[in-house]
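First the structure, in the form of structure tokens, and then the observations on it.
The values are calculated or read from the model by the stated rules, or taken from the named source; none is laboratory data. It should be emphasised that the depicted structure is a prediction, and the values quoted were computed from it without experimental measurement. Cβ placement follows ideal geometry from the backbone for every residue including glycine, while neighbour counts extend to all protein chains displayed. The area values use the complete protein model at the heavy-atom level, side chains included, leaving out ligands, DNA and RNA. Shrake-Rupley method; radii C 1.70, N 1.55, O 1.52, S 1.80 Å.
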Protein chains: 4
Amino acid sequence: MMVIMKPGHTGQQFEDVMNRIREVGLDGHPIVGVERTVIGVVGMDRLHPELADDLEVMPGVEATVKISSPYKLSSREFNPTDTIVDVNGVKIGEGTVTIMAGPCAVESEEQCMSAARAVAARGASILRGGAFKPRTSPYGFRGLEEDGLKILAQARAETGLPVVTEVMSESMVGVVAKYADILQIGTRNAQNFFLLEEAALTHKPILLKRGMSSSVQDWLLAAEYILNKGNRNIILCERGIRTFETATRNTMDINAIPLIKEMSHLPIIADPSHGTGKMKLVGPVGVGMVAAGADGLILEVHPNPEHALCDGAQSLTFDAFSALMATTARVAAAVGKRMQTEVAALA
Amino acid sequence: MMVIMKPGHTGQQFEDVMNRIREVGLDGHPIVGVERTVIGVVGMDRLHPELADDLEVMPGVEATVKISSPYKLSSREFNPTDTIVDVNGVKIGEGTVTIMAGPCAVESEEQCMSAARAVAARGASILRGGAFKPRTSPYGFRGLEEDGLKILAQARAETGLPVVTEVMSESMVGVVAKYADILQIGTRNAQNFFLLEEAALTHKPILLKRGMSSSVQDWLLAAEYILNKGNRNIILCERGIRTFETATRNTMDINAIPLIKEMSHLPIIADPSHGTGKMKLVGPVGVGMVAAGADGLILEVHPNPEHALCDGAQSLTFDAFSALMATTARVAAAVGKRMQTEVAALA
Amino acid sequence: MMVIMKPGHTGQQFEDVMNRIREVGLDGHPIVGVERTVIGVVGMDRLHPELADDLEVMPGVEATVKISSPYKLSSREFNPTDTIVDVNGVKIGEGTVTIMAGPCAVESEEQCMSAARAVAARGASILRGGAFKPRTSPYGFRGLEEDGLKILAQARAETGLPVVTEVMSESMVGVVAKYADILQIGTRNAQNFFLLEEAALTHKPILLKRGMSSSVQDWLLAAEYILNKGNRNIILCERGIRTFETATRNTMDINAIPLIKEMSHLPIIADPSHGTGKMKLVGPVGVGMVAAGADGLILEVHPNPEHALCDGAQSLTFDAFSALMATTARVAAAVGKRMQTEVAALA
Amino acid sequence: MMVIMKPGHTGQQFEDVMNRIREVGLDGHPIVGVERTVIGVVGMDRLHPELADDLEVMPGVEATVKISSPYKLSSREFNPTDTIVDVNGVKIGEGTVTIMAGPCAVESEEQCMSAARAVAARGASILRGGAFKPRTSPYGFRGLEEDGLKILAQARAETGLPVVTEVMSESMVGVVAKYADILQIGTRNAQNFFLLEEAALTHKPILLKRGMSSSVQDWLLAAEYILNKGNRNIILCERGIRTFETATRNTMDINAIPLIKEMSHLPIIADPSHGTGKMKLVGPVGVGMVAAGADGLILEVHPNPEHALCDGAQSLTFDAFSALMATTARVAAAVGKRMQTEVAALA
């Protein structure tokens, strides 16, 4: 951290700042310039996140500037090697493109089994499906709950695909972990720190969606909550952020893919279904995210989108999913990767 | 809802849309124009939030447009009379300006009691203080937890001020409700729907902060989760939204104050401490929000901001709080209100 | 500026950075910490805005952090005394609240004269009205052009109110300056640097609206273009920024008022008509901005808003304007100011 | 347009609204529902953009909702066939990927010729370079002006590449058009309507960058200004929008690529240099945009990025550009396109 003193500060103000820094066991190194004096704070200021705030209100101080990144365990500096998350043998982040696909919500055994078989046959490696659904309005369909989890488990038994599903509440971590192979933390819970910690303690892999207003740094700090509880099996998922643009549901942040690869060792996938909210954009944006370096995609696929109980407008039909898988495989090859599951028929 | 058909749609496509609308028990009224055909959907489409998505993916449909607001119980249309929330006799929303003040976090008995006495003497009506603190980084100070709640209860006993404090987790609703008079839902949990419902069931008053990326409509829908569980004691709190501006911690949305007054019957207060993140801006922005119609302010006040364990940069000293109370009283009078608690010394 | 070296940089990389800094005539002061080495760059780095970019791509460098603010002439540090802009005797920024009011667009002599007389009688000090209108669509009404300017001049002759009107193009600076007393630069031209400089050279007072995506810093840098040409008569105008919230036309940034007062010596007014886009919000938000410290308001007033050729939805009727003036006067008094023009009838 | 009446409106209010609609020559079709009455306005309401505002302030009206898109000439509905822009034989939008490359600013003959030769040899089809530079601060390097244009013309003479360069001011349209093959309108001038029209009248191809706070609809309306003057040679350029994320210079909106393809017939390219602001992200994001359907890329390439007078942090070295061209060619092939200029050595 750097402490920037105001022009015209007094000697006493300078000493008070130096003393406040020493109080928490850090050192201050002054640099006196033509226009400004700046004090470099040396030491583990990451462990004193309140110090910057405190210094900023002291007389004579203009501002403080953070230098060390506030996250640690999620940083590439801490762990230069890519983390590979192993989900029952499906390895995410090993240089392949992993496809997670299935319906937004589990609506019935028939709908879910139909979707599961379809995505398995077309090259998905993981089955997605919501049993508990976060809905902006209390009047929306909120999921089949534990019955939905049982249907997902049945689909796994038949297709062999591991299951990812959302957990929305600490009190349900147990029941969801009983059925799911990957626990998904949704965008509205991206900074629900108690839920992050409770999920971490299951030691299951965690799919951590970006908060719709989380900066990349906020997101890595959310991952830090999970890592700090000893669970390293984190898959980040870019799903779009909230901006002034209303023509799409969210603004997909493609920059975040190579940026996360620079900053962190964790694998990252993309969710073009929520990132766009429009069926026709899902394919082009999905392959774009893979070209930019995403380790996979998570996609909403529904046997009959115009009768979906949630997110019909962004769900792919089976045919659209097939076509997207073929393009994704070609784009993956163009950037030196292969599909996690290769399907002969796609060649 | 209006369904806008594409130019050049077929008669069959039109019939399919009409049938899909009838399937859920609603009626469609076609309007044929020069450039477009539009179908007005008549009935309670609020109860079929998935219908718009489903229609949008049907062939021949260009878009759908919602007309009825998706919230109901929180709307002024549903309840034209202002809701007044009574907290142990302190009435919020009755045409007065209620001040909630105290430290960001309860750090010690001494710090909390000192702040509580100071704000009580200067005209606060409610004591605020955090026992559980949501921190972006896991390495920040996370609160004294139940010990903090006990200190708050002790401060209430001495000063007579009711206590508002944050509940961050469903599993802690019980313990927080045991000590607190108002349960605060923080910005990161603004769409944690299980927590909203659990808190609602205590029937305690709830201070519902706006999510940092919640639109006004999202926010009223979050309130709808609480109302839908039978708890009408909601106080909305504008605390700034996330925008591109980084010179302040958040962008305080002053427009939201009169807008909420138009749309809803619920009382609304403002939090200029989090809304600005800078001590020097708290006062001017606070009185601005009162002038715009806020029913109160929630303010961070600390005996010694430069040693605060959280949010020191935005906490007011006792003297700054005194000055702000005097200005607030004058501004309240200018817009035809009085302070909830009037302090002789301020005159 | 601070240059943050990567952990594990080489000695040669360090030397290269030090040499690059010396090349432009500045000095580098290294600080060696436990985790990082940082180099403080001492000197007028404001004059070398490209240096930070250049250093950031050098091997061994992680990032650079600016310390001095990049603007100079607009800063309070450069000029601690408040600038007062004198417009034909109307002094803006002298501790009073100045009201600029009139129609969005000049539509006819009758409409403009009627509005001018009405606002003059109710306490406005400046007449506003658009002769050239920036319209998002080419199919909107684009103004009466020079005929509109003549009508404004006629209204000034009758009412005595100085006139503020927008100039949208360098080629029209001459003609607009011939008639107007204050040249308004609109939000869409807030970074049209050639226009800023051309307008500056008239030495007329300039009303500089904030760009809808300009940070406060960008805005002060735009003012810097005008100041740098020797024109100090600048009035800043907060008119709302673009955010994810769509319930209002823009999000009025109340924080910017006291923030600008901290950072700059220039006067600042607020435009609640564009900042909200809704007639019913104009009043509450306007008085809120005054309470927060704005030196004035600019307001759209129309004899017949439901027949306005532009911005009818946010224009005040004469009666609504009267009521707002009365409230504004009371709020101004509450924060220690008086109205620029006091109207007996308002007392 | 739909006019939504308030619950409880009177018959007279309804009649007033119907009359106001008829006044401008349109028809109103009422739909009476359980909760609401809605009036469908039939006719060319695009030609009466003020009507919605006017209706919204009439008693009994709750809101209006636009249905027809407000742009026309730029819409795919108006012109279903893709527009192909021919620049001296280089055809943009014909199903190929066109690369425009060169330095941010022309700094000297040597620098510009070196970059021009390098990009020509590596497969660029168009040379970019700034002679007039928009700089947020007046203290930045603002370009060589006409001398820069002459150097660009010389580079074209030697390499055969057509030249794209920015025009920032109406008064310079003439001089820039004298040398340039494509006139670029930058992000800060994206809604400088006089400049758009002046540039349109040259009938040269125009590269229209998206405003950093322009929605896709605003952007198409800006194109409409050019089309409305009879110039159809428009190339749209996505260059990132302004959001809360500060880790990158802008947020590249990948969704806009397929969305524009749906909405409009105009070709669209992407600028990953400005869209990311970070050299290491340019390549991954660039190929991502091509995979999503962009008709080309515009890239900053500099012989020596660490001595660039502008935007060094985002400029590619010649080697990085070579590598990116090879990957781009493979990704283009994966989505069924070929490079505009194919370079044998890349194979």
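What residues qualify as long-range amide H neighbours of B:Ile67, i.e. H under 5 Å apart, gap of 5 or more or another chain, H built at 1.01 Å from N?
B:Met2
If the label point is 7 Å along Cα→Cβ of D:Glu94, which residues in the stretch D:323-345 have backbone nitrogen under 18 Å from it?
Only D:333, D:336-343 fall inside the zone, counting backbone N under 18 Å.
Give me the distance in nm between label points sitting 7 Å out from Cα along the Cα-to-Cβ direction at A:Val32 and C:His307, one decimal.
So the label points at A:Val32 and C:His307 sit 7.3 nm apart.
Applying the Karplus parametrisation 6.51 cos²θ - 1.76 cosθ + 1.60 with θ = phi - 60° to the phi angles of the stretch D:59-65, what ³J(HN,Hα) value in whole Hz is obtained for each residue in order, glycine and proline being reported as x?
Each residue of the stretch D:59-65 in turn: x, x, 9, 8, 6, 10, 10 Hz.
Using the structure shown, list the pairs from D:Lys209/D:Lys337; A:Lys261/B:Lys278; B:Lys278/B:Lys337; A:Lys278/D:Lys72; C:Lys91/C:Lys150; B:Lys278/C:Lys66 with a Cα-Cα distance above 30 Å, or answer none.
Working: D:Lys209/D:Lys337 23 Å; A:Lys261/B:Lys278 34 Å; B:Lys278/B:Lys337 27 Å; A:Lys278/D:Lys72 22 Å; C:Lys91/C:Lys150 24 Å; B:Lys278/C:Lys66 20 Å.
Too far apart for the 30 Å limit: A:Lys261/B:Lys278.
Residues of A:292-303, mean number of Cβ from any other protein chain within 10 Å of their own Cβ, rounded to a whole number? Write down the numbers at each step before the final one.
Numbers: counts 13, 6, 2, 0, 0, 0, 0, 0, 0, 0, 1, 0.
Per residue, the number of nearby Cβ atoms from other chains is 2 on average.
Mean separation of Cα pairs under 8 Å and 6+ residues apart, divided by the residue count of chain C: what relative contact order is that in percent? Spell out each step's value before the answer.
Details: 729 pairs, mean separation 58.1, N = 347.
About 17 percent, as a whole number.
In nm to one decimal, list the spacings between the C:Arg338 label point and its equivalents in the other copies, with label points set 7 Å along Cα to Cβ, shortest first.
2.9, 8.1, 8.5
Over the heavy atoms of D:Lys6, what accessible area does a 1.4 Å probe trace out, to the nearest 10 Å²?
80
Using a 10 Å cut-off on Cβ to Cβ distances, tally the other chain neighbours for every residue of C:130-137 and report the average as a whole number.
5
What ³J(HN,Hα) values, in whole Hz, does the Karplus curve 6.51 cos²θ - 1.76 cosθ + 1.60 give for the stretch B:7-12 when θ = phi - 60°, with x put for Gly and Pro?
x, x, 5, 8, x, 5
Can you give the relative contact order of the stretch C:236-325 as a percent, counting alpha carbon pairs under 8 Å and 6+ residues apart?
Details: 154 pairs, mean separation 22.8, N = 90.
The normalised contact order for the stretch C:236-325 reaches 25 percent.
If you count only protein heavy atoms and use a 1.4 Å probe, how large is the accessible surface of D:Met252, to the nearest 10 Å²?
0
Accessible area per residue, 1.4 Å probe, Å², for chain A: what's the number? Before the final figure, lay out the partial values.
Numbers: 10650 Å² over 347 residues.
Here the per-residue accessible area is 31 Å².
Highest GNM mean-square fluctuation, chain C, Cα pairs closer than 10 Å: which of C:Gln111, C:Gln12, C:Gln314?
Per the Cα network of chain C with a 10 Å cutoff, C:Gln12 tops the list.
Distance in whole Å from the D-onto-C rotation axis to the closest C-beta of chain D, together with the residue it belongs to, please.
Per the Cβ-to-axis criterion, the result reads D:Ser213, 2.
Shortest first and in nm with one decimal, please list how far the D:Glu158 label point sits from its counterparts in the other copies (point 7 Å along Cα→Cβ).
List, nearest first: 6.6, 6.8, 8.1 nm.
Determine how large the accessible area of A:His29 is when every protein chain is in place; take a 1.4 Å probe and give Å² rounded to the nearest 10.
Number for this one is 70 Å².
On a 28 Å Cα-Cα criterion, which of the cross-link pairs B:Lys178/B:Lys229; D:Lys133/D:Lys280; B:Lys229/C:Lys280 come out too long?
B:Lys229/C:Lys280
Taking chain B as the reference, fit the longest principal axis to its C-alpha atoms, fit the long axis of helix B:318-334 to the helix C-alpha atoms, and give the angle between the two in degrees, 0 to 90, nearest 10.
For helix B:318-334, the angle is close to 50 degrees.
³J(HN,Hα) across the stretch D:172-180 via Karplus (A = 6.51, B = -1.76, C = 1.60, θ = phi - 60°), whole Hz, x for Gly/Pro?
Whole-Hz 3J(HN,Hα) from phi for the stretch D:172-180: 9, 4, x, 5, 5, 5, 5, 9, 8.
By the scheme Lys and Arg +1, Asp and Glu -1, what is the net charge of all other residues having a beta-carbon under 13 Å from that of B:His274?
On the way: positive: B:Arg128, B:Lys133, B:Arg188, B:Lys209, B:Arg210, B:Arg239, B:Arg242, B:Arg249, B:Lys278; negative: A:Asp53, B:Glu166, B:Glu238, B:Asp253, B:Asp271, B:Glu300, B:Asp311.
Local charge sum for B:His274: +2.
Restricting to Cα pairs below 8 Å that are 6+ residues apart, what does the relative contact order work out to for the stretch A:116-188? Please round to a whole percent. Intermediate results must be reported in sequence, preceding the final value.
Working: 101 pairs, mean separation 22.4, N = 73.
Normalised by residue count, the contact order of the stretch A:116-188 is 31 percent.
Any idea of the total accessible area buried by the C-B contact, 1.4 Å probe, rounded to 100 Å²?
Values: alone 15330 and 15340 Å², together 27890 Å².
Protein heavy atoms only, the C-B interface buries about 2800 Å².
Average partner chain C-beta neighbours within 10 Å, per residue of A:269-280? Numbers along the way, then the final one.
Details: counts 0, 2, 0, 3, 0, 0, 2, 4, 3, 6, 3, 5.
Counting Cβ atoms of other protein chains within 10 Å of each residue's Cβ and averaging gives 2.
Treating the point 7 Å from Cα along Cα-beta-carbon as the label, what are the nm separations from B:His307 to the other copies, to one decimal?
Nearest to farthest, the other copies are at 5.6, 6.9, 7.0 nm.
How would you order A:280-287, A:240-247, C:81-88 from highest to lowest mean count of nearby Cβ atoms within 10 Å? Display every interim value, and only then the final one.
Working: A:280-287: 26.8, A:240-247: 23.0, C:81-88: 15.4.
So the order, starting with the most tightly packed, is A:280-287, A:240-247, C:81-88.
What does the charge add up to near A:Asp181, with Lys and Arg as +1, Asp and Glu as -1, over the other residues with Cβ less than 12 Å from its Cβ?
Details: positive: A:Arg128, A:Arg156, A:Lys178, A:Lys204; negative: A:Asp86.
Residues near A:Asp181 contribute +3 overall.
Would you mind counting up the charge near D:Thr96? Only other residues with Cβ under 14 Å from its Cβ, with Lys and Arg at +1 and Asp and Glu at -1. Don't jump to the answer; show the numbers that get you there.
Values: positive: D:Lys91, D:Lys337, D:Arg338; negative: D:Asp82, D:Asp86, D:Glu94, D:Asp295, D:Glu342.
Result for the local shell: -2.
Expressed as a whole percentage, what fraction of the accessible surface of the stretch C:229-347 belongs to carbon and sulfur atoms when a 1.4 Å probe is rolled over the protein heavy atoms? It would help to have the intermediate numbers written out before the result.
On the way: 1640 of 3180 Å².
Carbon and sulfur atoms account for 52 percent of the accessible area of the stretch C:229-347.
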